[in-house]
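Remarks on the structure that follows.
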Amino acid sequence: MQAISHVQNLNSYLIICRSKPRFDKPVRLAVPVRCVYHSDSVQFPNGVGSSRVDWQSSCAILSSKVFSQDQDSGDKSNTSSASDHLAAAVNGHKTSLDLNLVPLDKKNKPQPPAKQPPQKPLTITDLSPAPMHGSQLRVAYQGVPGAYSEAAAGKAYPNCEAIPCDQFEVAFQAVELWIADRAVLPVENSLGGSIHRNYDLLLRHRLHIVGEVQLPVHHCLLALPGVRKEYLTRVISHPQALSQCENTVTKLGLNVTREAVDDTAGAAEYIATNNLRDTAAIASARAAELYGLNVLADGIQDDSSNVTRFVMLARDPIIPRTDRPFKTSIVFAHEEGTSVLFKVLSAFAFRNISLTKIESRPHRNRPIRLVDDANVGTAKHFEYMFYVDFEASMAEVRAQNALAEVQEFTSFLRVLGSYPMDMTPWCPSRENP
């Protein structure tokens, strides 16, 4: 097939030579065709036509149109069939270029192109491209409206479209399936420690960390209007929230049982939906506004320095830079167990790279390693994966050399992301309800 697509100037013209389909004998064109490029039809509503791949798709559509007109030249009723429908969409959307082939009559007068069917509007369940710059990002988070994760998503991406997910893994899948563009998920809290579930999911899925955001947590005790604290017999919330407010709830003199639920805002929603007048929830003040609850006690966290760190996840990594503070997250393992940990840490200490976190998680594929010794029997060692965050960008030579040395000592090494550090001013959560 001889096909040449040569674009010299998008503001002047587009020349695409005719293609010869593969047949046993050549087929002559019934009518001459040409591709008309209209400069006023260039639009980029979804980014289609802005890359080499989209140009190749456009050329393939043009070739299929030539083939259709060659094959159906005797039957004018079939000229605008499957190929015309194909030209209406590239990657699920109308192309940014006018790809209609305009047949020429004997007097070389162009005929108007066939009318295209209306474009179907997108829904949240469609697999659609990420929006262009300036469009609204779709950000997945775990929980219901009013959750702290929703507030973190709004801080990370102002004016975004927040998409609630009932589980952490659903948020990962939403980004992988193009339902969402980003995910904002918690990984650690200054009082409750690490959220182990998300560390395991970071290894299981192929998303990249592209940023972090730290959110001060301000807990409130919520109940239905008219309910007093002495009437309460139960307090429900997320396990982390219950542990962060344990001492304060005891000091309030409440004789209540504590029950764990999936998330803080979900606890508030559960009380409002079921009209539970003997139950209170530990959640945010925004959850009280959304679900019509009263705030019985404000700022009930045991420590005002209560901050949760969230990571921002995307399908593609960002390009690391050196003009601002960066952080890099890695995960590694070794077949000989934890004895290699000292060598790995020395690779960072030798280059004066500060570690901000180190976390160990069981090696799911091989949780136990057996060591046979005829004299003392069989020793059993637990195998771990190590997660490390360090303050350096992958664009720095010292970080590249450190990971090159780490790779010599480990059997598995993966960079989860190199991303800007959250440098926003911090103040205690009691001053930021």
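The values are calculated or read from the model by the stated rules, or taken from the named source; none is laboratory data. Keep in mind it's a predicted model, so treat the numbers as computed, not measured. Methodologically, a virtual Cβ is constructed for each residue, glycine included, from the backbone with ideal geometry; neighbour enumeration extends over all protein chains shown. To get the accessible areas, we keep the full protein, side chains included, count just its heavy atoms, and leave off ligands, DNA and RNA. Shrake-Rupley method; radii C 1.70, N 1.55, O 1.52, S 1.80 Å.
Listed values, structure above:
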item	result
Share of carbon and sulfur in the accessible heavy-atom surface of the range 219-304 [1.4 Å probe, %]	44 percent
Long-range amide H partners of Arg138 with built H, under 5 Å	Glu161, Asp181, Arg182
With DNA, RNA and ligands ignored, accessible area of Ser360 (1.4 Å probe; Å², nearest 10)	50 Å²
Environment charge at Tyr231 (Cβ cut-off 15 Å; Lys +1, Arg +1, Asp -1, Glu -1)	+2
Total formal charge among the other residues, if their Cβ is under 14 angstrom from that of Tyr270, Lys/Arg +1 and Asp/Glu -1	-4
The range 219-304, accessible area per residue, ligands and nucleic acids excluded (1.4 Å, Å²)	47 Å²
Surface/4 estimate of mean projected area, convex hull on alpha-carbon atoms of the range 235-299, nm²	4.0 nm²
Thr257 - accessible surface, heavy atoms, 1.4 Å probe, Å² rounded to 10	80 Å²
Probe 1.4 Å, all protein chains present, accessible-area order of Lys229, Lys251, largest first	Lys251, Lys229
Under-5 Å amide H pairs with Glu383, H placed in peptide plane, nonlocal only	His363, Ile368, Arg369
Label-to-label distance, nm, for residues given as Asn247 and Val170 (7 Å Cα→Cβ offset)	3.6 nm
Extension gain, Arg258 back to Ala404 (0.36 nm per residue minus Cα-Cα distance, nm)	47.7 nm
Per-pair calculated FRET efficiency, R0 = 30 Å: Ser304 and Asn352 via Cβ, rounded to 0.05	0.35
